[in-house]
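Structure first, commentary second.
The values are calculated or read from the model by the stated rules, or taken from the named source; none is laboratory data. Quick caveat, the model's predicted, so the values are computed rather than measured. All Cβ positions, even for glycine, are placed from backbone atoms using ideal geometry, and neighbour counts span all protein chains on display. We work out accessible area using only protein heavy atoms, side chains counted, and drop any ligands, DNA or RNA first. Shrake-Rupley method; radii C 1.70, N 1.55, O 1.52, S 1.80 Å.
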Amino acid sequence: MGIRLYNTLTRRKETFQPLSGREVKMYVCGPTVYNYIHIGNARPAIVFDMVRKYLEYRGYNVFYVSNFTDVDDKIINAAKELGEEVPVLAERFIQAYFEDTGALRVEAADLHPRVTETMPEIISFIEALIDKGYAYEAEGDVYFSTQSFEDYGKLSSQSIHDLQLGARIEVGEKKKNALDFALWKAAKEGEIAWKSPWGYGRPGWHIECSAMVKKYLGDTIDIHAGGQDLAFPHHENEIAQSEALNEQKMANYWMHNGYIQIDNEKMSKSLGNFVLVHDIIQKHSPEVIRFFMLQSHYRSPLNFSEELLDSAKNSLERIQTTVNNLKHRHKESAGFGKAGQWAEAVQQHKHTFIQEMDDDFNSANGISVLFDLVKLANRYLQENHTSKDILQAFLDTIREIGKALDIKVETAEEILDEEIEGLIEERVEARKNRNFARADEIRDHLKEQGIILEDTPQGTRWKRE
RNA sequence: GGCGGCAUAGCCAAGUGGUAAGGCACGGGUCUGCAAAACCCUUAUCCCCCGGUUCGAAUCCGGGUGCCGCCUCCA
């Protein structure tokens, strides 16, 4: 069957077929680096990181490129406000981006090109568009003429006619048509600028992605992705630029993630309801945030609240607890019984996981299969005699699924200091002698230090709160 | 005005023709010295509303209601 994914371009789920064998070229629109990222920015980072890792799990080699917009109006304004140089500010937030997304288990792209490092390619791209008659210069600006590109609107399924009715024209703009967009903007007095055939200036927002895709991935790529709001106009404009110049399809599959909402409203600066990753991970573990996001389908809108994060934390702990319990029993079980119903059931769950994930990266269903497997494992753990091999099969499969989604299915093993170890020993003795007062005293004392004790038929265990 | 999305239990969330996954929370039970963890049971006769198609629809069609987004920088 293979992988099927929803293509915004055709508005259908399609069988995924890369251009070249098992090689996948993937481009994800990255952030404008003028602030710390908010959880809305985190969603595409997490979701497409999951897509990448799942493709790799399924045997594809993914070449993943994601840009940094490191010069534009927002950055210039932020730099002005903070009295900082544009490149310094951009660099600072690029590093912050890596820290925040790293905490969310997002793997760095193979390449993270920046606008400021792609200037020659951007300029020659624009020159070529002018030569082909798709763009025109106007007093130091260069605009793309949308009317000259026949397919304009195909991604967002809008007609040029309808778009024009809704378009706003700002006073003083130099473009000929309301829908035309800037490829190059002439510099204002004192602004950071690059030399070009049209004078000093800087690129418009959309051209960078077209230039970077062409430079690093080629004229046609497999997957181009980003947030839903980028479909129009950003991706529409990218298509216009790239396909006008290359006369080839820019990307075979366009993927767009749904929005994060707060109280069912879009997160935005004007509403003042945005949550920075930098802040939220002080209170909630980034692993929980990742798990939370993957618990719903990437295209659905996703409401965000701290209560939902708390609930997700409990869910994730259910998995981690089971893995812990499997590990404990594994240590003290003998190795026999590789085959049989339990082993078959484990295998079956793995296949179901793949089946669900193959269907448009349905991580919500993938995770529910993981919970089914956890339940099965817990049932197995109720048995009086367990086999090391079966326990290993459970552990392997849970870890494998965990890795495919890159969610944290197990907690790090720690070593307790001798004093605490001694107290646990003392409590075991106390319980043997039915001195429950002392036993409870020790348990309460350790709880204050964040250590939870559990008495099982196989002995006393501990875990961190 | 144009384009698009969403509406499923207290909460979150799958499911796009075959008779409602999964998680959190709640209640009852088992286990336990008591707990914790886990297991078992219970929890939507029903999927925003009204029509229609069908042997059969949460799922398809028509109409309506509510909410959200894009069309301006935005993940």
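Taking the conditions exactly as written (open to solvent by less than 50 Å² (accessible area, probe 1.4 Å) and at pLDDT below 95), does A:Leu302 satisfy them or not?
For A:Leu302, the condition - open to solvent by less than 50 Å² (accessible area, probe 1.4 Å) and at pLDDT below 95 - is met.
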Test A:Gln158 against the criterion of being part of a helix (DSSP H, G or I) and either aromatic (Phe, Trp, Tyr) or at pLDDT below 95 (or both), and give yes or no.
no
Give the residue that is modelled with the lowest pLDDT, with candidates limited to residues of segment A:251-290 that are open to solvent by less than 20 Å² (accessible area, probe 1.4 Å) and of a type in the set (Val, Ile, Thr).
A:Ile260
Looking at segment A:280-298, can you tell me whether even one residue there is of a type in the set (S, T, N, Q), outside any strand (DSSP E or B) and farther than 24 Å from A:Arg52 by Cα?
yes
Inside segment A:374-411, the number of residues satisfying the requirement of being closer than 21 Å to A:Lys53 by Cβ and within 10 Å of RNA strand B (Cβ to nearest atom) is 1
Criterion first (more than 11 Å from RNA strand B (Cβ to nearest atom) and either surrounded by 15 or more Cβ atoms within 10 Å (Cβ to Cβ) or among the small types (Gly, Ala, Ser) (or both)) does A:Ser368 satisfy it?
no
Report whether or not A:Asn67 is open to solvent by 20 Å² or more (accessible area, probe 1.4 Å), within 11 Å of RNA strand B (Cβ to nearest atom) and either modelled with pLDDT of 95 or more or closer than 30 Å to A:Ala187 by Cα (or both).
no
Restrict the check to segment A:304-311 and report whether at least one residue is within 22 Å of the chain's Cα centre (by Cα), assigned to a loop (DSSP other than H, G, I, E, B) and charged (D, E, K, R).
no
Would you please list the contacts, defined by Cβ atoms under 7 Å and residues six or more apart or on different chains, that run from a residue in segment A:10-35 that is on the phi > 0 side of the Ramachandran plot to a residue that is of a type in the set (D, E, K, R) and open to solvent by 20 Å² or more (accessible area, probe 1.4 Å)?
none
For segment A:443-460, how many residues are of a type in the set (A, V, I, L, M, F, W, C), surrounded by 14 or more Cβ atoms within 10 Å (Cβ to Cβ) and within 9 Å of RNA strand B (Cβ to nearest atom)?
1
Considering only residues of segment A:1-56 that are assigned to a strand (DSSP E or B), more than 24 Å from A:Glu236 (Cβ to Cβ) and hydroxyl-bearing (Ser, Thr, Tyr), which is farthest from RNA strand B (Cβ to nearest atom)?
A:Ser20
Residues of segment A:181-205 being modelled with pLDDT of 95 or more and under 24 Å from the mean Cα position of the chain (by Cα), which ones?
none
Conditions (1) open to solvent by less than 30 Å² (accessible area, probe 1.4 Å); (2) part of a loop (DSSP other than H, G, I, E, B): number failed by A:Ala430:
(2)
Which numbered condition A:Leu163 misses (of (1) over 30 Å from the mean Cα position of the chain (by Cα); (2) within 16 Å of RNA strand B (Cβ to nearest atom); (3) under 18 Å from A:Ser210 (Cα atoms))
(3)
The lone condition A:Ala339 fails out of (1) within 15 Å of RNA strand B (Cβ to nearest atom); (2) not in a helix (DSSP H, G or I) is (1)
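Quick grid of which residues meet (1) farther than 16 Å from A:Ala343 by Cβ; (2) touching a residue at least 60 places away in the same chain (Cβ under 8 Å):
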{"position": "A:Ser368", "(1), (2)": "yes, no"}
{"position": "A:Val374", "(1), (2)": "yes, no"}
{"position": "A:Asp396", "(1), (2)": "no, no"}
{"position": "A:Ala404", "(1), (2)": "yes, yes"}
{"position": "A:Thr411", "(1), (2)": "yes, yes"}
Being outside any helix (DSSP H, G or I), on the phi < 0 side of the Ramachandran plot and out of contact with any Lys or Arg (no Cβ under 6 Å at 6 or more places or on another chain) is the filter here; which residues of segment A:360-390 pass it?
A:Asn362, A:Gln382, A:Glu383, A:Asn384, A:His385, A:Ser387
Which listed residue is surrounded by 16 or more Cβ atoms within 10 Å (Cβ to Cβ) and in contact with a strand residue (DSSP E or B) (Cβ under 6 Å, 6 or more places away or on another chain), from A:Asp406, A:Asp360:
A:Asp360
Only one of (1) assigned to a helix (DSSP H, G or I); (2) more than 9 Å from RNA strand B (Cβ to nearest atom); (3) modelled with pLDDT under 85 is not met by A:Cys209, so which one is it?
(3)
